[in-house]
Each structure stands twice: as structure tokens, then as C-alpha cells.
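I have placed the structure first, in the form of C-alpha cells, so that the comments after it can refer back to it.
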Amino acid sequence: MPKLLHLACSPRADSESAAAARIFLDSFGRAKPDWNIDVMDLWRESLPEFAGALLEAKYARINGRAFTDAQHDRFAEAERIAVRFSLADRVLISTPMWNFSIPYKLKQWFDVVIQPGLTFRFDPAQGYLPLLKDRPTLVILASGSDYATGMNRGRTDMATPYLREALRFMGIKDMRFVPIGPTTGPTEPIRIARENAHRRLAEMAASF
Ligand SMILES: Cc1cc2nc3c(=O)[nH]c(=O)nc-3n(C[C@H](O)[C@H](O)[C@H](O)COP(=O)(O)O)c2cc1C
């Protein structure tokens with residue numbers, strides 16, 4: 001059964017990114033009823049701390065050293081999370097913008113899955129090479145401000161370039177971004193931004 005992995009990255013009950021993801025997934029489910037939707041709520045599932053034996057395992061791999069037993073066990077946890085991602089035929093990331101970038105739980109997820117031998121490799125002649133096959137990936141990014149122009153009243157969107165680079169590094173080229181913003185402030189611009197994003201998402205779902 002083909003699988004869509006949904007990384008749900010907002011802890012808020014009234015989350016705009018989560019509401020938009022529901023709109024997308026409702027349409028997606030109607031268009032592709034045989035697909036399995038694997039939801040990974042990054043605030044409910046436990047992610048390994050990137051320290052201790054897991055951190056040392058990454059350096060062991062980079063330096064061509066064999067794992068200790070502890071490194072082997074901790075690396076296996078990262079591998080399980082990376083495999084869950086690599087086996088997905090489609091990926092949906094619904095996330096807030098936090099302090100110009102992404103919430104730390106999503107950053108932690110990237111720190112866990114971006115591993116040599118799992119999602120990238122290093123070739124002395126060619127440099128860093130991705131190991132994942134490309135697959136359609138959609139990012140829904142909710143922000144208090146409107147970053148349609150790339151910047152808003154002195155605040156910059158560093159979430160979009162970070163996500164582009166982190167995904168590209170592992171092999172994802174087919175990515176689309178649907179921003180939702182503003183989500184704070186006067187009600188009318190919020191309503192318009194929400195409706196535009198929801199319309200786009202409902203349209204995109206059938207051909208995703
Ligand atoms: C810790 C924190 C940091 C935030 N930083 C920004 C920011 O840098 N830029 C911005 O436009 N909005 C910022 N916001 C507002 C959120 O992006 C906005 O409320 C968004 O709707 C959150 O997504 P959600 O509704 O899916 O949780 C921040 C909110 C929080 C809680």
C-alpha cells in the first residue's frame with residue numbers, strides 16, 4: 001500500500017498549519033482512498049536526544065570507525081525514523097514558523113535523520129551526495145506575518161530556505177511550499193490568507 005508520511009509539527013490545538021493539513025488530507029484521501037497515511041506528531045512521539053552515543057555514532061561513521069554496542073543501539077533508533085521517511089511515497093510537513101525558522105522538534109527530527117549512510121554520503125571527489133529517492137513533498141508553513149515578499153517589517157523567513165536545503169541534501173527535489181500568513185493581527189487578512197491556502201491545498205491534493 002503506498003504511503004504518505006505526515007510530519008505534524010505544531011503543538012497548538014488551534015493550529016493553522018494542522019487545520020490546513022486536514023483540508024489537504026481530506027481531499028487527498030478522497031482522491032487516493034487506498035493510500036496509507038502515517039502521521040508522525042513530533043510533539044507526541046519521542047525523538048532521541050542527539051547527544052551521547054547517538055552523537056558519537058555519527059562521528060564514528062564520518063571517521064570510518066566501527067560502532068560500539070551503545071552506538072549501534074542508539075543509531076538503530078535514528079535508522080528506524082529515517083527509514084519511516086525513506087519508505088514514504090509522499091511527504092507532508094505541516095509546521096509553524098518559530099523565531100524566523102522551524103520549531104526545535106522539527107529541527108531535532110532533521111538532526112536525527114540526516115545521517116551518513118542513511119540519507120546522505122560523502123564522496124571525496126564529488127562531495128556530499130543524497131541517498132534518498134526523490135518524492136513529492138509538500139510543506140505547509142504557518143506564520144504570524146505574511147512573508148510573500150520574503151521579509152515582513154524586519155522579520156525574515158529563514159524556515160523556507162532551511163527546509164529547502166535540508167530536504168535537498170537528502171535527495172528531495174520535488175517540493176512545494178504553501179505558506180499561510182498572516183495568522184495573527186487583524187481578522188480580515190487572516191481570513192483571506194487562510195482561504196487562499198485552503199483553496200490551493202484542496203486543488204493540489206488530487207494531483208499530488
Ligand atoms: C515561539 C514562537 C515564535 C514565533 N516566531 C514567529 C516568527 O518568527 N515569525 C512569524 O511570522 N510568526 C512567528 N510566530 C507566530 C506563529 O508562526 C503563528 O502563530 C503560526 O500560526 C503558528 O503555526 P500554528 O498555528 O500551526 O501553530 C511565532 C510563534 C511562536 C509560538
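No lab work stands behind these numbers, since they all come straight from the coordinates. As the structure is a computational prediction, the values presented were derived from the model and not from experiment. Using ideal geometry, Cβ is built from the backbone for each residue, glycine included, and neighbour counts are taken over all protein chains shown.
Assorted remarks:
- Radius 11 Å from Cβ of Ile190, net charge of other residues (Lys, Arg +1; Asp, Glu -1): -2
- C-alpha long axis of helix 104-113 to longest principal axis of the chain, angle in °: 40 degrees
- Computed over neighbours whose Cβ is under 15 Å from that of Ala51, the net charge equals -2, Lys and Arg +1, Asp and Glu -1.
- Given their separation in residues at 0.36 nm each and the Cα-Cα distance between them, Lys3 and Asn196 gain 66.8 nm when the chain is fully extended.
- Three-way shape label, the stretch 122-163, alpha-carbon gyration tensor, a/c 1.5: oblate
- Using alpha-carbon coordinates, inclination of helix 16-31 to the longest axis of the chain, degrees: 90 degrees
- Ranked packing of 63-70, 139-146, 199-206, 19-26, most packed first, by mean Cβ within 10 Å: 139-146, 19-26, 199-206, 63-70
- Taken about its Cα centre, the stretch 3-205 carries a charge dipole of about 320 debye when Lys and Arg each add +1 at the Cβ and Asp and Glu each add -1 at the Cβ.
- Dividing the summed -39500 (n - 2.57) terms of all DSSP H runs of n ≥ 4 by the residue count of the chain sets its mean residue ellipticity at 222 nm at -13500 deg cm²/dmol.
- Ranking Gly127, Thr95, His6 by Cα position along the charge dipole of the stretch 3-205, where only Lys, Arg, Asp and Glu carry charges on their C-beta atoms, puts Gly127 farthest toward the positive end.
- The angle between the Cα long axis of helix 69-86 and the main principal axis of the chain comes to about 40°, on a 0 to 90 degree scale.
- Between Phe177, Phe122, Phe50, the residue with the greatest mean-square fluctuation in the GNM of the chain (Cα pairs under 10 Å linked by springs) is Phe122.
- Mean separation of Cα contacts under 8 Å (6+ apart) over length of the chain, as relative contact order %: 25 percent
- Separation of the stretch 1-71 and the stretch 87-112, taken as the distance between their Cα centroids, equals 8 angstrom.
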